[in-house]
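This report refers to the structure that appears directly beneath it.
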Amino acid sequence: MTDAVRVEQGPPPRVPTIEEPPDAEIDRIFRGAEELLAFVSNFARTIAHAPFLARWAIPMIASIQRGGPDAALDPRLKELVILKTSTRNRCFF
Amino acid sequence: MAEAPHALPRDHGERGSVPLGSDLLGSDLLGSELGRTLTRVPRSARWVLPVFAAAFRGTEVSTLEPRLRALALLRVAAIDRSPYWREQHEAAAPALGITRDELDLVASDEWETAPAFGDRERAAILWADRVARRLGRRDAVAYRTVREHLDERELVELTAAVSLACMADRLTNALRIAPEPPTGLSPGGHPVDESLARWSREMFDRLPVGGMP
């Protein structure tokens, strides 16, 4: 599975990812991403070019994809839905 | 013939315990069908509603013009056949100098050659069109065109706004949320201001909020 994902990675990114936070605002966003999702993904490093959106979008994704105390769907079902959507959209991320 | 709404009870969800920043987003939004639907999942609504506001209304630091943003969002609503968002964004159009003719053009395939739109606007509509059609990954011509007119930050912001518009279209279409009076989630002279920015920083400082893993 991992190999297949690598093979399908395709062309290089169109916007460079932010590797080192250039200011306190983006640093805070990266720390938030790490706290929520355990690491700073390439998605986070890209959308951080628009910090105002990143501040909402990263927790939004975490809150939708992850479970929670009041989540109605069990995590296995949710993961299956996410995988199905990514496959349908030809998204290899 | 009007579609019957899906059978979702019209309660507000458990939003009492979750700060939604309703005073900052506008009280009309939480009272709307869209707001009432989303607040059934309050832990997500807390982030989804503000990100829609920031992406669709724009922010004070954005360099994307409100008119350009509206045209891109209208193109997405046309592709996704979203009556909800078409009406939301059309309501904002007159204040942005978008005419009835331009609304018809952007909803049809004639926008590509219409002299009504400037080059930067046409590039943004083109990019929105390709992203909404899920062709953004491969379309080199559309990418080159949009990069001639938008810098890197603007490209990320436009792409994020278009992607969130696609998400919003799927949400309102699949749940058959009926078109309704403007909720304030459109470009139109009211960019998200510093008070919402300040609130978002405070929210981020308090992560993870309410036990969200």
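Since every read-out is calculated from the coordinates, none of them should be taken as a lab result. Because the structure is predicted, anything quoted here is derived from the model rather than measured. Positions of Cβ are backbone-derived with ideal geometry, glycine not excepted, and every protein chain shown enters the neighbour counts.
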How long are the three semi-axes of the equivalent ellipsoid for region B:89-195, computed from the Cα gyration tensor as the root of 5 times each eigenvalue, in whole Å, largest first?
23, 18, 16
What is the sum of charges around B:Val76, taking Lys and Arg as +1, Asp and Glu as -1, for the other residues whose C-beta is under 9 Å from the C-beta of B:Val76?
-2
Nearest 0.05, what FRET efficiency do B:Ser108 and A:Glu19 give at R0 = 51 Å with Cβ-Cβ as r?
0.75
Please give me the summed charge of the neighbours of A:His49: other residues whose Cβ is under 13 Å from its Cβ, Lys and Arg +1, Asp and Glu -1.
-3
R0 = 35 Å: FRET efficiency of B:Arg137 with A:Asp27, Cβ-based, nearest 0.05?
0.75
Spin-label pair B:Glu152/A:Ser41, simplified geometry with 7 Å Cα→Cβ offset, distance in nm:
2.1
Within 10 Å of each Cβ of B:48-59, how many other protein chain Cβ atoms are there on average?
4
